[in-house]
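Enquirer: Structure below; questions to follow.
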Amino acid sequence: MNVLFGLSASGGIGIGRAFIIPEAEKRIISSKKIKNEEKPQQLVRFERSLSRIVAQISEQLEIVKNDKTQSEIFETYFLMLNDPEFLGDVRKTFEASNFSIEYVLNQKTEEYANKLRSSGNAYLAERAEDICDIFGRVLNDLLDFHPFNIENIPDDVVIIAKSMAPSDTVILSKRRIAGIALTDGGVSSHVGILARNYGIPAVFDIDNILDEISNDSLIIVDGDTGEVIDDPDELTLADYQKKIDIAKEHAERLKKFRDIPAKTKDGELFQLMANIGTVDEAKIAQKEGADGIGLFRTEFLFMSESNKNMGSAHSKIAAFSEENQFNAYKTVLETMKGKPVTIRTLDAGGDKIISALDISHSTSEEKNPLMGLRAIRLTLANPQLLRTQFRALYRASVYGNLKIMLPLITSVDQVEESLAIAAKVREELKSENIPFNPSVPIGVMVETAAAAMISDCLAKISDFFSIGTNDLTQYTLGVDRENSLVAPLYDEFHLAVLRLLDKTISAAHSAEIDVSVCGEMASRPESVMVLAGMGVRTLSMSPKLITKIKELLSKISMEELKAISSKRLNSL
């Protein structure tokens, strides 16, 4: 038995035989120079290969048309294959050089991908692989090169590979996959997102997995702990099979909580909301019995739009349009059928770089972007972004129960400046005879010590608070939660964090405004009990965790919850 460790990308436990996807053979691309008279024929070959790959992508798009997430991948690829800037650059460079079209295409693909990789942002770095994947297919066609066919993967196996190209993920919807274990891959990669969507246990970032595991070996993938067990002994196998059976039974028991209110065993009611980042996730929230959307992260709409433009790594395009935003917000509001939907204004910058935004400052130039021009600071420095977003939000407000939230607030001035822009937008829409709800609540995200310390002042000019415990914890403790070297110091139960939470909750109650929590603390049983005891009655979390928290609350009384939080707050 051999136990390998990696990064948990999708929870759950999977057992199956290893199916190893071999590493792709290296393409051999000659740097030999060509004659000018060869160029016309080379361009003809390029256009034919491009057309063939466009046709292939169109076919794959048809296959996955009912899967929104998969469709978006192939729609993005389709746009890349028709991107005038990139293709124009390839043709122009080819005409000016004496190298083959294969050589130029390969060089340009790497050039664009490297700019994304060097952006300093994990999301954009993973998008570089999209470029390499799709134009790698064009190169393969030009070279008549035939790599491994992903369609050869059978059902009920654990996929073992160095990485999976985004276009390979179509197999996840066509086969029963027991698990995925990769050397590379990020939690926000396409394969990571789809693994979670399909409930496939997945572990990434495993060193030398292709050297450690043999084809057809029995494998256990523990997506909860990040372990991959090769050739388990009988005792371990039986233990994991029992865990799978228990998980299935528990999942079945949780179904009864979907359509009943969240309340303690002594009848105290709670609102359990969903955190979402895409329009489609609203459907999942509704299905899982969410009382509404507690946090819609709109930056992922902008990231998705940026990803569709090949020039986004080095050139600026117009921001995600008002019309596109309006349609996205309208769809989410309609999906939730009158339940409250809290939409956060753009939280770009920091670890969420959106290089395609047409803004006056590049956050990639900052030495410490998490402390720099991000979130509300970025949109107030570029008010056209906030104005456009407010217009789209107010226009969508007539289709549901909308609330607007401002991120990373650290001063009263920031709120007042944002409210002034919102007021001006309302005047514009009124003069244009565009229907909107003029009474949309506007609240703030409390995610810094500064906001918590002046929460009594902020409460006077805010309609509600939402506490973002992830940033509040890392900023208060000075700990990067993504840095494994200091990860043990990241402690949401640190007394400093708890006191800031308590102060913020008390300020909200004194001002008689709603207060919710939307960070990771809102979804962990031990922290939910502390927050509930401190007076929080609205929690926002991943949709899949809602029934689990409903079950937890149903087994405990308010007296017990208050005792738990009091013990934490009075600890030293």
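The values are calculated or read from the model by the stated rules, or taken from the named source; none is laboratory data. Note that this is a predicted model, so its numbers are computed, not measured. Here Cβ is always computed from backbone atoms with ideal geometry, including for glycine, and neighbour counts include all displayed protein chains.
Enquirer: Yes or no: Leu419 loosely packed, with under 15 Cβ neighbours inside 10 Å and assigned by TED's automatic domain parsing to the domain that holds Arg344?
Expert: So Leu419 fits the description; yes.
Enquirer: State all residues of the range 247-271 that are part of a helix (DSSP H, G or I) and either surrounded by 11 or more Cβ atoms within 10 Å (Cβ to Cβ) or touching a residue at least 24 places away in the same chain (Cβ under 8 Å) (or both); if no residue qualifies, say none.
Expert: Those that are part of a helix (DSSP H, G or I) and either surrounded by 11 or more Cβ atoms within 10 Å (Cβ to Cβ) or touching a residue at least 24 places away in the same chain (Cβ under 8 Å) (or both): Ala247, His250, Ala251, Arg253, Leu254, Lys255, Lys256, Phe257.
Enquirer: Kindly indicate whether Asp480 is surrounded by fewer than 18 Cβ atoms within 10 Å (Cβ to Cβ) and of a type in the set (Asp, Glu).
Expert: yes
Enquirer: Conditions: (1) within 27 Å of Glu520 (Cβ to Cβ); (2) buried (at least 24 other Cβ atoms within 10 Å of the Cβ). Tyr394 meets all but one. Number of the miss?
Expert: Tallying (1) within 27 Å of Glu520 (Cβ to Cβ); (2) buried (at least 24 other Cβ atoms within 10 Å of the Cβ), Tyr394 fails exactly one: (1).
Enquirer: Shifting gears a bit: Which residue pairs have Cβ atoms closer than 6 Å, lie 6 or more positions apart in sequence or on different chains, and pair a first residue in the range 452-471 that is within 14 Å of Val412 (Cα to Cα) with a second residue that is surrounded by 21 or more Cβ atoms within 10 Å (Cβ to Cβ) and of a type in the set (Ser, Thr, Tyr)?
Expert: From the range 452-471, the pairs are Ala452/Thr504; Ser455/Thr504.
Enquirer: When you check Leu254 against the structure, is it at pLDDT 95 or above and under 30 Å from Ile467 (Cα atoms), yes or no?
Expert: Against the criterion (at pLDDT 95 or above and under 30 Å from Ile467 (Cα atoms)), Leu254 does not qualify.
Enquirer: Here's something else I'd like to know. From the list Ser516, Ser527, exactly one residue is in contact (Cβ under 8 Å) with a residue 12 or more places away in the chain, within 28 Å of Phe257 (Cα to Cα) and outside any helix (DSSP H, G or I). Which is it?
Expert: Ser516
Enquirer: Moving on to the next point. I need a count of the residues in the range 506-555 that are more than 19 Å from Ala452 (Cα to Cα) and charged (D, E, K, R).
Expert: 7
Enquirer: May I ask you to verify whether Arg45 is within 36 Å of the chain's Cα centre (by Cα), on the phi < 0 side of the Ramachandran plot, of a type in the set (Lys, Arg) and modelled with pLDDT of 90 or more?
Expert: No.
Enquirer: May I pose another question? Out of all the residues in the range 504-519, which are more than 31 Å from the chain's Cα centre (by Cα) and on the phi < 0 side of the Ramachandran plot?
Expert: Listed by number, the residues that qualify are Ser506, Ala507, His509, Ser510, Ala511.
Enquirer: Within the bounds of the range 298-319, is there any residue that is at pLDDT 90 or above and either outside any strand (DSSP E or B) or within 26 Å of Asn437 (Cα to Cα) (or both)?
Expert: Among the residues of the range 298-319, not one is at pLDDT 90 or above and either outside any strand (DSSP E or B) or within 26 Å of Asn437 (Cα to Cα) (or both), which makes the answer no.
Enquirer: Looking at the range 512-555, which of its residues are under 15 Å from Arg568 (Cβ atoms) and buried (at least 19 other Cβ atoms within 10 Å of the Cβ)?
Expert: Val517, Met521, Ser527, Val528, Met529, Val530, Leu531, Ala532, Gly533, Met534, Val536
Enquirer: Let me ask another. Name the pairs: first residue in the range 228-243 and of a type outside the set (Asp, Glu), second residue surrounded by 14 or more Cβ atoms within 10 Å (Cβ to Cβ) and in a helix (DSSP H, G or I), Cβ to Cβ under 8 Å, at least 6 apart or on different chains?
Expert: Note: pairs meeting the criteria are Val228/Ile209; Ile229/Thr236; Ile229/Tyr240; Pro232/Tyr240.
Enquirer: Go through the range 454-477 residue by residue and tally those that are in contact with a helix residue (DSSP H, G or I) (Cβ under 7 Å, 6 or more places away or on another chain), assigned to a helix (DSSP H, G or I) and surrounded by fewer than 24 Cβ atoms within 10 Å (Cβ to Cβ).
Expert: Counting residues in the range 454-477 that are in contact with a helix residue (DSSP H, G or I) (Cβ under 7 Å, 6 or more places away or on another chain), assigned to a helix (DSSP H, G or I) and surrounded by fewer than 24 Cβ atoms within 10 Å (Cβ to Cβ) gives 7.
Matching residues to (1) in a loop (DSSP other than H, G, I, E, B); (2) free of Cβ contacts under 8 Å to residues at least 40 places away in the same chain; (3) under 16 Å from Arg48 (Cα atoms):
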residue	(1), (2), (3)
Glu72	no, no, no
Tyr77	no, no, no
Leu87	no, yes, yes
Tyr103	no, no, no
Asn106	no, no, no
Glu110	no, yes, no
Asn114	no, yes, no
